[in-house]
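These notes are about the structure you will find just below.
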Amino acid sequence: MKKIAVLAGDGIGPEIMAQALAVLRALDLPLAFEEALVGGAAYEAHGHPLPEATLALAQSADAVLFGAVGDWKYDVLERRLRPEQAILGLRKALGLFANLRPALCYEQLVHASSLKPELVAGLDILIIRELTGDIYFGQPRGRRTATDGHFPGTEEAFDTMRYSRPEIERIAHVAFQAARQRGRHVTSVDKNNVLETSQLWKDVVVEVHKEYPDVTLEHMLVDNAAMQLVKAPRKFDVLVTGNLFGDILSDEAAMLTGSIGMLPSASLDANNKGLYEPSHGSAPDIAGQDMANPLATILSAAMMLRYSLDLAPAAQRIEAAVQKVLEQGLRTADIWSEGCQKVGTRAMGEAVVRALG
Ligand code: NAI
Ligand code: MG
(Lines give C-alpha, C1' and ligand atoms only; values in the text may rest on other atoms or scores of the structure.)
(Ligands and ions follow the chains in the order given, each with its own letter.)
Protein backbone atom coordinates (compact mmCIF):
# COMPACT_ATOMS: atom_id res chain seq x y z
CA MET A 1 0.00 0.00 0.00
CA LYS A 2 1.40 3.41 -0.97
CA LYS A 3 0.51 6.51 1.01
CA ILE A 4 -0.61 9.61 -0.88
CA ALA A 5 -0.72 12.95 0.92
CA VAL A 6 -3.70 14.87 -0.43
CA LEU A 7 -3.39 18.64 0.00
CA ALA A 8 -6.36 20.29 -1.71
CA GLY A 9 -5.71 23.86 -0.54
CA ASP A 10 -7.81 26.90 -1.39
CA GLY A 11 -10.16 28.31 -4.02
CA ILE A 12 -10.90 25.71 -6.69
CA GLY A 13 -8.38 23.35 -5.00
CA PRO A 14 -10.96 21.21 -3.14
CA GLU A 15 -13.26 21.01 -6.20
CA ILE A 16 -10.61 19.82 -8.65
CA MET A 17 -9.02 17.53 -6.06
CA ALA A 18 -12.35 15.77 -5.43
CA GLN A 19 -12.47 14.84 -9.12
CA ALA A 20 -8.84 13.66 -9.25
CA LEU A 21 -9.48 11.46 -6.20
CA ALA A 22 -12.64 10.03 -7.78
CA VAL A 23 -10.60 9.03 -10.83
CA LEU A 24 -7.80 7.49 -8.73
CA ARG A 25 -10.29 5.58 -6.57
CA ALA A 26 -12.06 4.22 -9.64
CA LEU A 27 -8.78 2.60 -10.72
CA ASP A 28 -8.78 0.46 -7.59
CA LEU A 29 -5.03 0.74 -7.01
CA PRO A 30 -3.21 -0.09 -3.73
CA LEU A 31 -3.21 3.54 -2.61
CA ALA A 32 -4.16 5.04 0.75
CA PHE A 33 -5.16 8.71 0.72
CA GLU A 34 -4.58 10.99 3.70
CA GLU A 35 -5.79 14.57 3.57
CA ALA A 36 -4.36 17.62 5.32
CA LEU A 37 -4.88 21.36 5.27
CA VAL A 38 -2.50 23.62 3.37
CA GLY A 39 -2.35 27.27 2.30
CA GLY A 40 -5.04 29.71 3.38
CA ALA A 41 -7.21 26.88 4.72
CA ALA A 42 -4.36 25.84 7.04
CA TYR A 43 -3.71 29.43 8.04
CA GLU A 44 -7.36 29.86 9.06
CA ALA A 45 -7.34 26.67 11.15
CA HIS A 46 -3.79 26.64 12.56
CA GLY A 47 -2.29 30.09 11.95
CA HIS A 48 0.29 28.79 9.44
CA PRO A 49 0.06 27.86 5.71
CA LEU A 50 2.22 24.76 6.22
CA PRO A 51 1.50 23.33 9.71
CA GLU A 52 3.83 20.74 11.24
CA ALA A 53 1.26 17.96 10.79
CA THR A 54 0.85 18.72 7.08
CA LEU A 55 4.60 18.77 6.53
CA ALA A 56 5.02 15.52 8.46
CA LEU A 57 2.33 13.86 6.34
CA ALA A 58 4.01 15.05 3.12
CA GLN A 59 7.38 13.77 4.32
CA SER A 60 6.04 10.35 5.29
CA ALA A 61 3.99 9.88 2.10
CA ASP A 62 5.16 8.20 -1.12
CA ALA A 63 3.82 11.13 -3.13
CA VAL A 64 1.98 14.40 -2.61
CA LEU A 65 -1.07 15.39 -4.65
CA PHE A 66 -1.53 19.14 -4.37
CA GLY A 67 -4.47 21.31 -5.49
CA ALA A 68 -3.74 25.02 -5.35
CA VAL A 69 -3.31 27.68 -2.69
CA GLY A 70 -3.88 31.41 -2.37
CA ASP A 71 -6.43 34.15 -2.29
CA TRP A 72 -6.15 37.90 -2.69
CA LYS A 73 -7.47 38.34 0.87
CA TYR A 74 -4.17 37.02 2.25
CA ASP A 75 -2.10 39.69 0.47
CA VAL A 76 -2.15 41.74 3.68
CA LEU A 77 -0.34 39.01 5.67
CA GLU A 78 3.39 39.11 6.24
CA ARG A 79 5.20 37.03 3.63
CA ARG A 80 5.93 33.93 5.76
CA LEU A 81 2.22 33.47 6.52
CA ARG A 82 0.96 33.78 2.95
CA PRO A 83 -0.57 30.63 1.41
CA GLU A 84 1.98 30.45 -1.43
CA GLN A 85 4.77 30.01 1.14
CA ALA A 86 3.45 26.49 1.70
CA ILE A 87 4.61 25.44 -1.78
CA LEU A 88 8.08 26.89 -1.24
CA GLY A 89 8.25 25.21 2.17
CA LEU A 90 7.23 21.83 0.72
CA ARG A 91 9.72 22.12 -2.15
CA LYS A 92 12.50 22.86 0.28
CA ALA A 93 11.61 20.27 2.92
CA LEU A 94 11.11 17.51 0.35
CA GLY A 95 14.19 18.43 -1.70
CA LEU A 96 12.16 18.80 -4.90
CA PHE A 97 14.69 19.98 -7.48
CA ALA A 98 13.19 18.89 -10.80
CA ASN A 99 10.04 20.47 -12.20
CA LEU A 100 8.42 18.53 -15.04
CA ARG A 101 5.84 20.25 -17.18
CA PRO A 102 4.46 18.41 -20.18
CA ALA A 103 3.06 20.56 -22.95
CA LEU A 104 0.66 18.41 -24.87
CA CYS A 105 -1.69 19.78 -27.49
CA TYR A 106 -4.85 17.73 -27.89
CA GLU A 107 -6.14 17.66 -31.43
CA GLN A 108 -9.58 18.77 -30.18
CA LEU A 109 -8.11 21.89 -28.56
CA VAL A 110 -5.70 23.16 -31.23
CA HIS A 111 -7.83 26.26 -31.71
CA ALA A 112 -7.05 27.30 -28.10
CA SER A 113 -3.32 27.47 -28.80
CA SER A 114 -1.58 30.79 -29.32
CA LEU A 115 -0.08 29.28 -32.48
CA LYS A 116 -1.48 28.14 -35.81
CA PRO A 117 -3.15 24.71 -35.54
CA GLU A 118 -0.77 23.14 -38.07
CA LEU A 119 2.22 24.04 -35.87
CA VAL A 120 0.85 22.49 -32.65
CA ALA A 121 -1.32 19.56 -33.78
CA GLY A 122 0.18 16.50 -32.09
CA LEU A 123 2.58 18.55 -29.96
CA ASP A 124 3.93 16.50 -27.05
CA ILE A 125 6.98 17.94 -25.30
CA LEU A 126 8.27 17.83 -21.73
CA ILE A 127 9.97 20.83 -20.16
CA ILE A 128 12.24 20.01 -17.22
CA ARG A 129 13.24 23.00 -15.10
CA GLU A 130 15.84 22.88 -12.33
CA LEU A 131 14.08 24.26 -9.28
CA THR A 132 16.48 24.89 -6.41
CA GLY A 133 19.54 26.63 -7.85
CA ASP A 134 20.43 29.46 -10.22
CA ILE A 135 20.02 33.20 -9.84
CA TYR A 136 16.84 32.84 -7.73
CA PHE A 137 18.75 31.43 -4.77
CA GLY A 138 22.42 32.27 -5.43
CA GLN A 139 24.29 34.29 -2.85
CA PRO A 140 25.48 37.01 -2.57
CA ARG A 141 22.57 39.23 -3.46
CA GLY A 142 21.50 42.63 -2.28
CA ARG A 143 21.52 46.38 -2.74
CA ARG A 144 24.39 48.79 -2.26
CA THR A 145 25.99 51.90 -3.62
CA ALA A 146 27.94 51.10 -6.77
CA THR A 147 31.69 51.65 -6.60
CA ASP A 148 32.33 50.79 -10.25
CA GLY A 149 30.34 50.09 -13.43
CA HIS A 150 28.60 52.65 -15.59
CA PHE A 151 27.23 54.78 -12.75
CA PRO A 152 29.50 54.67 -9.66
CA GLY A 153 28.01 56.33 -6.57
CA THR A 154 24.41 55.37 -7.47
CA GLU A 155 22.17 52.67 -5.98
CA GLU A 156 22.54 49.23 -7.55
CA ALA A 157 21.11 45.74 -6.95
CA PHE A 158 22.73 42.40 -7.74
CA ASP A 159 21.92 38.68 -7.82
CA THR A 160 24.27 35.77 -8.34
CA MET A 161 23.80 33.00 -10.87
CA ARG A 162 25.29 29.81 -9.41
CA TYR A 163 25.22 26.13 -10.27
CA SER A 164 27.29 23.32 -8.80
CA ARG A 165 28.32 20.16 -10.64
CA PRO A 166 26.08 17.82 -8.54
CA GLU A 167 23.08 20.09 -9.05
CA ILE A 168 23.51 19.87 -12.82
CA GLU A 169 24.27 16.14 -12.74
CA ARG A 170 21.06 15.21 -10.96
CA ILE A 171 18.79 17.27 -13.22
CA ALA A 172 20.56 15.85 -16.29
CA HIS A 173 19.83 12.31 -15.05
CA VAL A 174 16.16 13.20 -14.63
CA ALA A 175 16.06 14.50 -18.20
CA PHE A 176 17.76 11.49 -19.79
CA GLN A 177 15.63 9.05 -17.80
CA ALA A 178 12.43 10.87 -18.75
CA ALA A 179 13.53 10.83 -22.40
CA ARG A 180 13.80 7.04 -22.21
CA GLN A 181 10.06 6.91 -21.44
CA ARG A 182 9.33 9.16 -24.45
CA GLY A 183 11.08 10.11 -27.69
CA ARG A 184 14.70 9.55 -26.54
CA HIS A 185 15.83 13.07 -27.43
CA VAL A 186 17.04 15.74 -25.00
CA THR A 187 17.59 19.41 -25.80
CA SER A 188 19.72 21.10 -23.14
CA VAL A 189 19.12 24.85 -23.09
CA ASP A 190 21.67 27.33 -21.73
CA LYS A 191 23.54 30.53 -22.61
CA ASN A 192 27.05 29.13 -22.80
CA ASN A 193 28.29 31.79 -25.22
CA VAL A 194 28.06 34.35 -22.39
CA LEU A 195 27.68 32.67 -18.99
CA GLU A 196 30.21 30.69 -16.96
CA THR A 197 27.37 28.76 -15.23
CA SER A 198 26.09 27.73 -18.65
CA GLN A 199 29.53 26.48 -19.71
CA LEU A 200 29.63 24.23 -16.65
CA TRP A 201 26.02 23.22 -17.36
CA LYS A 202 26.92 22.14 -20.88
CA ASP A 203 30.10 20.30 -19.82
CA VAL A 204 28.25 18.33 -17.14
CA VAL A 205 25.28 17.47 -19.37
CA VAL A 206 27.72 16.13 -21.98
CA GLU A 207 29.39 13.94 -19.33
CA VAL A 208 26.13 12.57 -17.92
CA HIS A 209 24.95 11.85 -21.47
CA LYS A 210 27.71 9.20 -21.79
CA GLU A 211 25.57 6.97 -19.53
CA TYR A 212 22.63 7.27 -21.93
CA PRO A 213 23.93 6.33 -25.40
CA ASP A 214 20.36 5.42 -26.47
CA VAL A 215 19.24 9.05 -26.03
CA THR A 216 20.30 11.79 -28.45
CA LEU A 217 21.49 15.12 -27.01
CA GLU A 218 21.33 18.55 -28.58
CA HIS A 219 22.41 21.90 -27.10
CA MET A 220 20.50 25.09 -27.79
CA LEU A 221 21.04 28.68 -26.66
CA VAL A 222 18.10 30.01 -24.68
CA ASP A 223 17.28 32.85 -27.08
CA ASN A 224 17.13 30.40 -29.96
CA ALA A 225 15.03 28.00 -27.83
CA ALA A 226 12.50 30.78 -27.21
CA MET A 227 12.24 31.22 -30.98
CA GLN A 228 12.11 27.54 -31.83
CA LEU A 229 9.30 26.93 -29.31
CA VAL A 230 6.99 29.13 -31.37
CA LYS A 231 8.48 28.32 -34.77
CA ALA A 232 8.74 24.53 -34.68
CA PRO A 233 7.72 23.30 -31.21
CA ARG A 234 7.23 19.68 -32.28
CA LYS A 235 10.98 19.32 -32.87
CA PHE A 236 11.47 19.09 -29.10
CA ASP A 237 11.00 15.98 -26.99
CA VAL A 238 12.54 16.68 -23.58
CA LEU A 239 13.86 20.21 -22.98
CA VAL A 240 16.02 20.57 -19.85
CA THR A 241 17.23 23.88 -18.49
CA GLY A 242 18.05 25.91 -15.37
CA ASN A 243 15.69 27.66 -13.00
CA LEU A 244 15.55 31.10 -14.64
CA PHE A 245 15.38 29.99 -18.28
CA GLY A 246 12.97 27.21 -17.31
CA ASP A 247 10.61 29.61 -15.57
CA ILE A 248 10.23 31.61 -18.76
CA LEU A 249 10.28 28.79 -21.32
CA SER A 250 7.76 26.67 -19.42
CA ASP A 251 5.24 29.50 -19.42
CA GLU A 252 5.90 30.05 -23.12
CA ALA A 253 5.33 26.34 -23.78
CA ALA A 254 2.12 26.45 -21.72
CA MET A 255 0.63 28.92 -24.19
CA LEU A 256 1.23 26.50 -27.05
CA THR A 257 -1.34 24.14 -25.60
CA GLY A 258 -4.31 26.39 -24.89
CA SER A 259 -5.86 26.52 -21.45
CA ILE A 260 -3.92 26.49 -18.24
CA GLY A 261 -6.72 24.25 -16.95
CA MET A 262 -5.21 21.38 -18.97
CA LEU A 263 -1.61 21.54 -17.75
CA PRO A 264 -0.26 19.14 -15.12
CA SER A 265 3.12 19.33 -13.40
CA ALA A 266 5.43 17.29 -11.23
CA SER A 267 8.25 18.28 -8.89
CA LEU A 268 10.62 15.42 -8.08
CA ASP A 269 13.32 14.68 -5.54
CA ALA A 270 16.37 12.45 -6.02
CA ASN A 271 14.36 9.26 -5.35
CA ASN A 272 11.44 10.05 -7.66
CA LYS A 273 9.26 11.01 -4.74
CA GLY A 274 7.29 13.99 -5.90
CA LEU A 275 4.67 16.65 -5.53
CA TYR A 276 2.06 16.73 -8.28
CA GLU A 277 -0.10 19.76 -8.99
CA PRO A 278 -1.88 21.57 -11.79
CA SER A 279 0.16 24.42 -13.30
CA HIS A 280 -2.56 26.93 -12.49
CA GLY A 281 -3.41 28.63 -9.20
CA SER A 282 -6.47 28.66 -6.95
CA ALA A 283 -8.60 30.73 -9.36
CA PRO A 284 -10.59 32.58 -6.67
CA ASP A 285 -12.64 34.25 -9.44
CA ILE A 286 -14.40 30.96 -10.26
CA ALA A 287 -14.10 29.07 -6.95
CA GLY A 288 -17.20 27.36 -5.58
CA GLN A 289 -19.08 27.65 -8.89
CA ASP A 290 -18.46 24.17 -10.32
CA MET A 291 -16.70 25.88 -13.26
CA ALA A 292 -13.05 24.90 -12.88
CA ASN A 293 -11.45 22.48 -15.30
CA PRO A 294 -10.33 19.45 -13.27
CA LEU A 295 -8.27 17.89 -16.09
CA ALA A 296 -4.91 19.47 -15.12
CA THR A 297 -5.26 17.92 -11.66
CA ILE A 298 -6.46 14.59 -13.03
CA LEU A 299 -3.47 14.56 -15.42
CA SER A 300 -1.17 15.46 -12.50
CA ALA A 301 -2.50 12.37 -10.72
CA ALA A 302 -1.56 10.36 -13.83
CA MET A 303 1.98 11.78 -13.68
CA MET A 304 2.13 10.73 -10.03
CA LEU A 305 1.31 7.15 -10.99
CA ARG A 306 3.99 7.19 -13.70
CA TYR A 307 6.90 8.95 -11.99
CA SER A 308 6.53 8.15 -8.28
CA LEU A 309 4.51 4.94 -8.04
CA ASP A 310 5.72 2.91 -10.99
CA LEU A 311 2.16 2.48 -12.27
CA ALA A 312 2.60 3.66 -15.87
CA PRO A 313 -0.23 1.50 -17.28
CA ALA A 314 -2.72 3.11 -14.87
CA ALA A 315 -1.35 6.55 -15.86
CA GLN A 316 -1.99 5.68 -19.49
CA ARG A 317 -5.57 4.67 -18.68
CA ILE A 318 -6.22 8.11 -17.17
CA GLU A 319 -4.61 9.90 -20.11
CA ALA A 320 -6.63 7.85 -22.60
CA ALA A 321 -9.83 8.62 -20.66
CA VAL A 322 -9.08 12.37 -20.80
CA GLN A 323 -8.51 12.07 -24.54
CA LYS A 324 -11.83 10.24 -24.84
CA VAL A 325 -13.94 12.84 -23.02
CA LEU A 326 -12.46 15.51 -25.28
CA GLU A 327 -13.40 13.38 -28.30
CA GLN A 328 -16.92 13.12 -26.84
CA GLY A 329 -17.08 16.92 -27.05
CA LEU A 330 -17.25 17.63 -23.32
CA ARG A 331 -15.69 20.97 -22.33
CA THR A 332 -15.44 23.06 -19.20
CA ALA A 333 -15.89 26.81 -19.81
CA ASP A 334 -12.16 27.53 -20.20
CA ILE A 335 -11.81 25.21 -23.21
CA TRP A 336 -15.34 25.46 -24.59
CA SER A 337 -15.94 26.25 -28.26
CA GLU A 338 -18.96 26.30 -30.57
CA GLY A 339 -20.58 22.92 -31.08
CA CYS A 340 -19.21 21.40 -27.85
CA GLN A 341 -21.12 20.49 -24.71
CA LYS A 342 -20.36 22.75 -21.76
CA VAL A 343 -19.98 20.87 -18.47
CA GLY A 344 -19.01 21.73 -14.92
CA THR A 345 -16.15 20.48 -12.77
CA ARG A 346 -18.04 17.52 -11.34
CA ALA A 347 -19.60 16.39 -14.63
CA MET A 348 -16.16 16.50 -16.27
CA GLY A 349 -14.66 14.36 -13.51
CA GLU A 350 -17.52 11.88 -13.72
CA ALA A 351 -17.10 11.64 -17.48
CA VAL A 352 -13.41 10.78 -17.05
CA VAL A 353 -14.32 8.06 -14.53
CA ARG A 354 -16.81 6.59 -17.03
CA ALA A 355 -14.24 6.79 -19.84
CA LEU A 356 -11.67 4.78 -17.88
CA GLY A 357 -13.27 1.68 -19.36
P1 NAI B 1 -4.76 31.33 -11.53
O2 NAI B 1 -4.01 30.30 -12.28
O3 NAI B 1 -5.38 30.94 -10.25
O4 NAI B 1 -5.89 31.94 -12.48
C5 NAI B 1 -5.59 32.60 -13.70
C6 NAI B 1 -6.83 32.58 -14.61
O7 NAI B 1 -7.01 31.25 -15.10
C8 NAI B 1 -8.12 32.93 -13.86
O9 NAI B 1 -8.98 33.63 -14.74
C10 NAI B 1 -8.73 31.58 -13.53
O11 NAI B 1 -10.14 31.60 -13.43
C12 NAI B 1 -8.26 30.72 -14.70
N13 NAI B 1 -8.06 29.32 -14.30
C14 NAI B 1 -7.07 28.83 -13.52
N15 NAI B 1 -7.21 27.52 -13.33
C16 NAI B 1 -8.32 27.16 -14.00
C17 NAI B 1 -9.01 25.93 -14.18
N18 NAI B 1 -8.59 24.77 -13.63
N19 NAI B 1 -10.14 25.92 -14.92
C20 NAI B 1 -10.58 27.04 -15.50
N21 NAI B 1 -9.99 28.24 -15.38
C22 NAI B 1 -8.87 28.31 -14.62
O23 NAI B 1 -3.75 32.53 -11.30
P24 NAI B 1 -3.97 33.92 -10.53
O25 NAI B 1 -5.35 34.41 -10.76
O26 NAI B 1 -2.84 34.78 -10.90
O27 NAI B 1 -3.79 33.57 -8.98
C28 NAI B 1 -4.86 33.24 -8.11
C29 NAI B 1 -4.29 32.78 -6.78
O30 NAI B 1 -3.59 31.55 -6.98
C31 NAI B 1 -3.27 33.75 -6.18
O32 NAI B 1 -3.45 33.78 -4.78
C33 NAI B 1 -1.93 33.11 -6.55
O34 NAI B 1 -0.93 33.46 -5.66
C35 NAI B 1 -2.28 31.65 -6.45
N36 NAI B 1 -1.41 30.76 -7.23
C37 NAI B 1 -1.15 29.52 -6.67
C38 NAI B 1 -0.40 28.60 -7.36
C39 NAI B 1 -0.23 27.27 -6.75
O40 NAI B 1 -0.97 26.90 -5.84
N41 NAI B 1 0.71 26.48 -7.22
C42 NAI B 1 0.20 28.91 -8.68
C43 NAI B 1 -0.19 30.20 -9.19
C44 NAI B 1 -0.94 31.08 -8.48
MG1 MG C 1 6.40 31.34 -13.95
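The values are calculated or read from the model by the stated rules, or taken from the named source; none is laboratory data. Computed from a prediction, not measured in an experiment: that's the story for all the values here. For neighbour counting, all protein chains shown are included, and Cβ atoms are generated from backbone atoms with ideal geometry for every residue, glycine included.
Tabulated values for the structure
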read-out	value
Among the candidates Thr257, Thr241, residue that is within 16 Å of ligand 2 (Cβ to nearest atom), in contact with a strand residue (DSSP E or B) (Cβ under 8 Å, 6 or more places away or on another chain), hydroxyl-bearing (Ser, Thr, Tyr) and farther than 17 Å from Ala172 by Cα	Thr257
Unique match (being more than 27 Å from Asn271 (Cα to Cα) and modelled with pLDDT of 95 or more) among Gly39, Gly9, Gly70	Gly70
Residue count, region 262-317 (criterion: in a loop (DSSP other than H, G, I, E, B), buried (at least 22 other Cβ atoms within 10 Å of the Cβ) and among the acidic types (Asp, Glu))	0
Lone unmet requirement of (1) in a strand (DSSP E or B); (2) closer than 18 Å to Ala5 by Cβ for Val38	(1)
Residue, nearest to Arg182 (Cα to Cα), within region 298-357, restricted to residues that are out of contact with any helix residue (DSSP H, G or I) (no Cβ under 8 Å at 6 or more places or on another chain) and acidic (Asp, Glu)	Asp310
Sole exception among (1) at pLDDT 90 or above; (2) buried (at least 19 other Cβ atoms within 10 Å of the Cβ) for Arg143, by number	(2)
Close pairs from region 67-83: first outside any helix (DSSP H, G or I), partner away from ligand 2 (no atom under 16 Å from the Cβ) and among the polar types (S, T, N, Q), Cβ under 8 Å, at least 6 apart	Gly67/Thr297
Subset of region 163-193 that is touching a His at 6+ places or on another chain (Cβ under 9 Å) and of a type in the set (Gly, Ala, Ser) - its residue that is nearest to Pro213 (Cα to Cα)	Ala179
Filter result for Ile128 (closer than 14 Å to Leu244 by Cα, part of a helix (DSSP H, G or I) and not assigned by TED's automatic domain parsing to the domain that holds Glu319)	no
Identity of the residue in region 1-45, among the charged types (D, E, K, R) and touching a residue at least 24 places away in the same chain (Cβ under 8 Å), that ends up nearest to ligand 2 (Cβ to nearest atom)	Asp10
Any chance Ser188 is over 20 Å from Val120 (Cα atoms), outside any helix (DSSP H, G or I) and among the small types (Gly, Ala, Ser)	yes
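Residues are listed down the side, and each one gets a yes or a no for (1) under 13 Å from the mean Cα position of the chain (by Cα); (2) modelled with pLDDT of 95 or more; (3) not acidic (Asp, Glu):
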| position | (1), (2), (3) |
| --- | --- |
| Val208 | no, yes, yes |
| Val215 | no, yes, yes |
| Leu221 | no, yes, yes |
| Asn224 | no, yes, yes |
| Met227 | no, yes, yes |
| Thr241 | no, yes, yes |
| Gly246 | yes, yes, yes |
| Ala253 | yes, no, yes |
